[in-house]
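Working notes, beginning with the structure itself.
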Amino acid sequence: MMNIVETLNRRYSTKEFNPEKKISDADMEAVKSLLRLSPSSTNIQPWHFIIADSQQGKARIARGAQDFYLFNESKIMNASHVIVLCARTSAEEEYMQRVLEQEDQDGRYANPEVKQMVYNPRNHFADIHRNDLNDFQHWVEKQVYLSMGSLLMGAASIGLDALPMEGVDVNIINDEFGLSEQGFTSVAVVALGYRDASDFNAALPKSRLPESEVFTFLS
Ligand SMILES: Cc1cc2nc3c(=O)[nH]c(=O)nc-3n(C[C@H](O)[C@H](O)[C@H](O)COP(=O)(O)O)c2cc1C
């Protein structure tokens with residue numbers, strides 16, 4: 001078992017995947033848990049994940065990695081599994097009710113009063129972002145990025161390699177999967193699999209700004 005710092009140093013953005021190595025079903029179950037159990041503000045869970053493991057499925061995602069984004073195409077095609085992280089574009093009453101009912105079914109509410117005590121603030125938070133801060137979409141996408149963080153760290157901890165990609169045309173991916181009609185937008189893509197022995201990036205040292213710049217300690 002690697003310790004957490006070893007895992008952080010072992011993980012890196014994989015630029016060349018071994019196309020022959022597939023992630024096991026058991027590890028993919030863990031990957032799904034990393035995404036679904038990721039925390040989100042007020043437990044709003046404003047996400048959906050498209051997971052491709054076939055060449056055909058990956059090719060559909062790779063339509064978003066053309067022209068300027070062509071540098072990401074082979075990463076998508078050679079990875080074992082590729083995930084499109086999608087964010088809701090709205091959270092209507094019907095959706096908010098569904099989250100609430102799920103929490104109820106999962107046994108979180110001893111009585112209707114407690115249920116309401118969660119429901120009202122959740123709506124209030126969403127309304128603040130909709131109406132006061134005017135950053136609802138940004139707020140939602142921040143929650144989705146938390147799931148990407150869980151995914152990257154968790155994947156590394158079970159020995160998987162990964163590459164997060166913002167270098168994709170989200171509009172093309174939205175069209176490819178009809179996401180806008182379903183009330184979602186893609187925000188990023190993560191490729192998962194195993195590094196190829198030829199990956200130049202695996203041999204490069206990590207580079208980060210020094211602690212003195214990154215941290216302020218109050219003691
Ligand atoms: C949100 C996000 C988007 C990224 N997009 C791309 C990308 O489109 N293509 C790529 O090759 N690397 C991409 N990267 C990789 C970063 O360049 C990399 O994480 C950074 O240089 C730090 O290196 P490390 O991940 O190897 O520690 C992305 C990383 C993040 C976190």
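Some points to look at:
- Amide H contacts of residue 183 (H built 1.01 Å from N, in plane; Pro and chain starts excluded): no residue 5 or more places away or on another chain comes under 5 Å.
- Around residue 156: net Lys/Arg minus Asp/Glu count, Cβ-Cβ under 9 Å: +1
- Cβ-to-Cβ counts within 10 Å put 60, 88, 208, 36 in ascending order as 208, 36, 60, 88, the fewest first.
- Neighbour-count order for 73, 166, fewest beta carbons within 10 angstrom listed first: 166, 73
- Helix 93-105 axis, angle to the chain major axis (alpha carbon atoms, nearest 10°): 90
- Rounded tilt (10° steps) of 136-157 against the dominant C-alpha axis of the chain: 50
- P(r) histogram, all alpha-carbon pairs of the range 87-144 included - 5 Å bins from 0, percent: 4, 17, 25, 24, 15, 11, 4
- Dimensionless Rg ratio for the chain, taking C-alpha atoms and the 2.2 N^0.38 Å reference: 1.13
- Principal-axis tilt of helix 25-36 within the chain, Cα atoms, nearest 10 degrees: 40
- Cα centroid of the range 83-138 to Cα centroid of the range 152-169, whole Å: 28
- 5 angstrom amide H check on residue 80, placed H, neighbours 5+ away: 192, 193, 194
- Dividing the summed helix terms, -39500 (n - 2.57) for each DSSP H run of n ≥ 4, by the number of residues in the chain produces a 222 nm estimate of -13000 deg cm²/dmol to the nearest 500.
- Backbone amide hydrogens, once placed in the peptide plane, bring residue 66 within less than 5 Å of 169, excluding anything fewer than 5 places away on its chain.
- Using C-alpha pairs under 8 Å with a sequence gap of at least 6, the mean separation divided by the residue count of the chain gives a relative contact order of 37 percent.
- Electrostatic dipole magnitude of the chain [Cβ: Lys, Arg +1; Asp, Glu -1; Cα centre; debye, to 20]: 520
- Pairs of lysines in the chain (C-alpha under 18 Å apart; 8 or more residues apart or interchain): 10
Readers should treat all values here as calculations from the given coordinates under stated rules, not as data from a laboratory. Nothing here was measured: the structure is a model prediction, and the numbers come from that model. Positions of Cβ are generated from backbone atoms using ideal geometry, with glycine treated the same way; all protein chains shown enter the neighbour counts.
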